[in-house]
Amino acid sequence: MKITSLKNPRILAWRKLYKSRDRKDAPVFLVEGIREVLRGLEAGFSAQSLMYCPDIITPQDLELITGLISSSTQCLELSKEVYEKLAYRDKTEGVIGVFTKRTMTLEDLDPTSGSPFILLENMEKPGNLGAVLRTADAVRCPGVIITGHKLDPWHPNVIRASQGGVFTVPVVLSDNEEVHRWCKEQSLPIFATALPSYGSMYDIPIGQSCVMAFGTEATGLSPYWMEHAEECFTIPMEGKVDSLNVSVAVALALYESVRQRTV
């Protein structure tokens, strides 16, 4: 089936998924791009519909993607005008999938992996979450937990910045009290990032199953985590700037964890 009308009801409905409120209430989300769609399918996410524009996507890439979809996935050809109306990104690759959301809880996480979980409190920028997930995938982080402002993991900028990491790393939305309870039940130590008045991350045992908590660049972690953490640690900095982008801080801590496990 080919869609050529900009007023097609399905196109209008799918465009609403770019709005936070409509996406939150919907059971599905949009995934744009060859790499992102492929990683979603390879991770076992269900695609309800697949839209492609033959004027943009190559036959080889289309064949690669359609070879992974189930018989229940509806394939729709879009005219270039309609595709560009639906696409979120300026530079597009000719394919958009409508994927079913996957909701996870703390009970779905594996506390025995031997690697740290990442806790992000009050994170606001989708691009930062995407970058965190990209690094988390690289080191096989067992999960990312989000508390406070529950940033939407299905935001198109999260999917784009993660380069598909949103499909490979478990993401759980929770609250501080529930996470703390779960950590105590699973005997997971909590290590909180803090200002330079605390010890260096090189002296903290983060190469194990644990939770590393990160706050915002502006205000850091809330007092809750400073009070409930086993230890607070600082990423050493020698310049005049007193903070790092949170995704950079997470990356440094995760790779220090890898180093501690492999030395």
field: Those residues of the range 100-120 whose amide nitrogen sits under 19 Å from the label point placed on GLN186, 7 Å along Cα→Cβ
entry: 102-120
task: Identify, among HIS180, GLY165, LEU195, the residue whose Cα sits farthest towards the positive end of the charge dipole of the chain, taking +1 on the Cβ of Lys and Arg and -1 on the Cβ of Asp and Glu, with the dipole about the Cα centre.
output: GLY165
query: Stokes-Einstein at 20 °C, 1.002 mPa s, Kirkwood radius from Cα pairs: D for the chain in µm² s⁻¹?
result: 109 µm²/s
query: Which net charge results when you count Lys and Arg as +1 and Asp and Glu as -1 among the other residues whose beta-carbon is under 13 Å from that of PRO205?
result: -2
Cα gyration tensor category, rounded, prolate or oblate, for the range 172-254 with a/c compared to 1.5: prolate
- prompt: Given charges of +1 on the Cβ of Lys and Arg and -1 on the Cβ of Asp and Glu, with all other atoms neutral, how large is the dipole of the range 2-100 about its Cα centre, in debye to the nearest 20?
  reply: 540 debye
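Please label the shape of the range 106-262 as rounded, prolate or oblate, based on the square roots a ≥ b ≥ c of the eigenvalues of the alpha-carbon gyration tensor (a/c under 1.5 means rounded; beyond that, a/b larger than b/c means prolate, else oblate).
rounded
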task: Using the Kyte-Doolittle scale, find the helices of the chain whose mean hydropathy is at least -0.5 and whose Cα atoms extend 15 Å or more along the helix's long axis, counting only whole DSSP H runs.
output: 126-138, 246-262
- prompt: Along the three principal axes, how long is the range 2-100 when you take its alpha carbons, biggest first, rounded to the nearest angstrom?
  reply: 33, 28, 24
- line: Subtracting the Cα-Cα distance of GLU81 and LEU68 from 0.36 nm times their residue separation yields 2.0 nm
- request: State the extension gain, in nm to one decimal, for the chain segment bounded by GLU177 and THR105, taking 0.36 nm per residue of separation less the distance between their alpha-carbons.
  value: 24.5 nm
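Sorted by packing (mean other beta-carbon atoms within 10 Å per residue), highest first, where do 105-116, 246-257, 86-97 land?
246-257, 86-97, 105-116
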message: Within the range 2-100, count lysine pairs with alpha carbon atoms under 17 angstrom apart where the residues are 8 or more positions apart or belong to different chains.
response: 9
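Read-outs throughout are calculated quantities, based only on the coordinates presented, and are distinct from any laboratory measurement. What you are looking at is a predicted structure, and each value in this text was computed from that prediction instead of being measured. In this analysis, Cβ positions are derived from the backbone assuming ideal geometry, glycine residues included, and neighbour counts consider all displayed protein chains.
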